[in-house]
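Sharing a structure here in C-alpha cells format.
The values are calculated or read from the model by the stated rules, or taken from the named source; none is laboratory data. Given the structure is predicted, the values throughout are model-derived calculations rather than measurements. Neighbour counts run over all protein chains shown; Cβ positions are idealised from the backbone, glycine included. For accessibility, only protein heavy atoms count, side chains too; no ligands or nucleic acids. Shrake-Rupley method; radii C 1.70, N 1.55, O 1.52, S 1.80 Å.
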Amino acid sequence: MLVSRTRFQQLRALSSVAMVVPQIDNSSDFLSRVPHRKHPGILHMNMAHLPKEAQDAVQILLRRSAVRQLEEHVSSLNNYLWSRKRPPEDRELREKAMELEQKFKENTHFESDIHIYKKEEKLKNDVLCTLRKNTYHWQPLSYTEQLGLVYLAARFDGGFAAVSRVLQEIYQRVPEFSPQTLLDFGSGVGSVPWAAHGIWGNKLKEYMCIDSSASMNTLSELVLRGGSEKGQMHISGIYHRQFLPVSPKVQFDLVVSAYSLNELPNFAEREKNIQTLWRKTGGFLVLVENGTREGHQLLMEARDIVLKGGDKEVWDHRPACVFAPCPHQLECPKLAGSSQTPCNFVQQYQPLKLKWNPSVRWEKFSFLILSRGPVGENDRHWPRMVGPVLRRPRHVHCNTCCADGKLHHDIITPKRHGKYVYQLKGKFGNVANLLQKFLTKDRFLK
C-alpha cells in the first residue's frame, strides 16, 4: 500500500507539469459536437489488404519462377534495402581524405629528405585504405528478371501498405480532390497504381509509370494482367516508360515517388529529378521512403530543394506548401538535435500468403506531401503526433510537432484540459493531426 501511494503521488506530481490552460466548454458547439471517435484529425487506417487480383497474380508468377531459395533471397534483399545509405558525395570524400591526411601527418616524422617521397606514397596509401574501410560502398541495383521477382515477393505488399496510408491522408483531408492523372516515378512492380486505384477508383484515367528497368516494367504489367501476358489489364489507362519526361508543359494531378530517391547516384541527380517531379506536379507531390534516419533525411533534402526554389525553369508559379506530415514549413526539429531521430510512421498490413510470412506485419516508413498552393487551411496548424501516447492513471503523455517548428511534450488530464481532449488523445495514440486549440492557447494563436 505504501509503494502504491508513493507511486500515486509521483504521478500526481508529474501531471502537474502541464501548463494551466482553460478547460474546454463541453456544452459549446465544439466542432458541431462531433464525437471524439469521429474527430477529423484521426487519420487512422485499418489493416491494408492487397486486392485479391494482385495477390493471385503474384502467386502465379512466383510459382512459375525459377528462383531457388526464394525465402533467403527475400530476407537478404529486405535487410539490404532497409540498411541502405545514400551514396557518398565526392566533396565529402575529399574532406574526409584531407582530415585523414592531416591526422596521419601529425603522427609521422620525416627523418630526412631522402625518405620524403616514399613516406608521401605511404601516406597516400594509408589515407585511401582508411577511406575504403570507413566509407559506405553504394552501388546501383540492376533489377533483372530474377531480382525483380525477389523484389515482388519482398516489397510489393509493404510498399502498397505505406503508399495507401499516405494517399489516404490526402483523400480524407481534401475530399474534393479528385485526381485524373498520376505520375509514378520509380514505379517498380506497380504498388502505387494499385494503392491509388483502391482509393480513387475509376476517377483516375491515366497512370504514367516510370522505371529505368525494362524487367520491372514487364513484371508490373504482368501483375496487372493477372500473371499472364494475354490477360486483361485490371486497371486501365496504365502506361510504362523507362525515362522521365522532362517537359513541364504536361502536369499530373498527383505525382508519387516511393522508395526511389536512394536509387539515384548522387545529390545532383536527386536535385534534378526532384525539380522535374515538382514541375510536373499539378496538385500533390508525394514522396515515401524507409522509416530510417537515411530515409527521413532524403525526404528533408527533397523538402529543402522544393521549398527553397532555385529552379530556373518555372512554369507554374503557385507556391510549394508542406501538406503533411509537418504542420509548418520551418526546419525539421527532429534533425536539430544531436540524436537526429527519424520522423516515421507505421501501417499494419496483411502480407502476401507465402509460407514464411506471418499473418500480420507492420511497415515503418517516412513520407512527405507537398501541395501546389495552400490546401486545407482549417487544419494546417494542427500539431502532428510524433510518438506513441503514454497512458497513465488519469493522464496521458503526448509528444507533438507544432506549428512553431518545435517539439512539445504535453501532459493531458481531464480536469485541466476537458474530457473531450483527454478522450481524443488518450484513446487515439495513432492520430495524425490533433486538436491543439485548447491545449496551449498562446502557441496556437501564434
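Scan the stretch 38-53 and give yes if some residue there is among the polar types (S, T, N, Q), at pLDDT 55 or above and outside any loop (DSSP other than H, G, I, E, B), otherwise no.
No, the stretch 38-53 has no match at all.
Determine, yes or no, whether SER178 is more than 30 Å from GLN146 (Cβ to Cβ) and in contact with a helix residue (DSSP H, G or I) (Cβ under 6 Å, 6 or more places away or on another chain). Walk me through how you get there before you give the answer.
Values: more than 30 Å from GLN146 (Cβ to Cβ): yes; in contact with a helix residue (DSSP H, G or I) (Cβ under 6 Å, 6 or more places away or on another chain): yes.
Here the answer is yes, as SER178 does meet what is asked.
For the structure I just gave you, tell me whether GLN275 is crowded, with 16+ Cβ neighbours inside 10 Å and at pLDDT below 95.
Taking the combined requirement at face value, the residue satisfies it.
Oh, and also: Got a sec? Which of PRO374, PRO351, PRO393, PRO388 is open to solvent by 40 Å² or more (accessible area, probe 1.4 Å), under 30 Å from ALA154 (Cα atoms) and at pLDDT 55 or above?
PRO388
Sticking with this one: Name the residues in the stretch 74-94 that are open to solvent by less than 80 Å² (accessible area, probe 1.4 Å) and either modelled with pLDDT of 95 or more or assigned to a helix (DSSP H, G or I) (or both), would you?
VAL74, SER75, SER76, LEU77, ASN78, TYR80, LEU81, SER83, GLU92, LEU93
Quick check, is LEU131 under 30 Å from HIS296 (Cβ atoms), modelled with pLDDT under 85 and surrounded by 14 or more Cβ atoms within 10 Å (Cβ to Cβ)?
yes
Right, another one. Condition test on SER247, is it open to solvent by 50 Å² or more (accessible area, probe 1.4 Å), closer than 30 Å to LYS312 by Cβ, part of a loop (DSSP other than H, G, I, E, B) and among the small types (Gly, Ala, Ser)?
yes
Next question, about the same structure. Any residue in the stretch 76-102 that's over 24 Å from ALA268 (Cα atoms): show its pairings with residues that are in a helix (DSSP H, G or I) and modelled with pLDDT under 90 at Cβ separation under 6 Å, as long as the two are six or more apart or on different chains.
Between residues of the stretch 76-102 that are over 24 Å from ALA268 (Cα atoms) and residues that are in a helix (DSSP H, G or I) and modelled with pLDDT under 90, the close pairs are LEU100/VAL127; LEU100/THR130; GLU101/VAL127.
What single numbered condition from (1) under 20 Å from HIS317 (Cα atoms); (2) crowded, with 20+ Cβ neighbours inside 10 Å fails to hold for LEU261?
(1)
To keep it simple, each residue is scored yes or no on (1) in contact with a strand residue (DSSP E or B) (Cβ under 7 Å, 6 or more places away or on another chain); (2) more than 25 Å from PRO374 (Cα to Cα); (3) free of Cβ contacts under 8 Å to residues at least 12 places away in the same chain; (4) open to solvent by 20 Å² or more (accessible area, probe 1.4 Å).
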{"residue": "GLU269", "(1), (2), (3), (4)": "no, yes, yes, yes"}
{"residue": "ARG279", "(1), (2), (3), (4)": "no, no, no, yes"}
{"residue": "LEU287", "(1), (2), (3), (4)": "yes, no, no, no"}
{"residue": "GLY291", "(1), (2), (3), (4)": "yes, yes, no, no"}
{"residue": "ARG303", "(1), (2), (3), (4)": "yes, no, no, no"}
{"residue": "VAL306", "(1), (2), (3), (4)": "yes, no, no, no"}
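Across the stretch 160-193, what is the total count of residues that are under 25 Å from LEU264 (Cβ atoms), open to solvent by 10 Å² or more (accessible area, probe 1.4 Å) and within 18 Å of the chain's Cα centre (by Cα)?
The qualifying residues number 5.
Further question: Can you tell me which residue among PHE438, PHE365, PHE428 is among the aromatic types (Phe, Trp, Tyr) and at pLDDT 75 or above?
Within the list PHE438, PHE365, PHE428, the selection yields PHE365.
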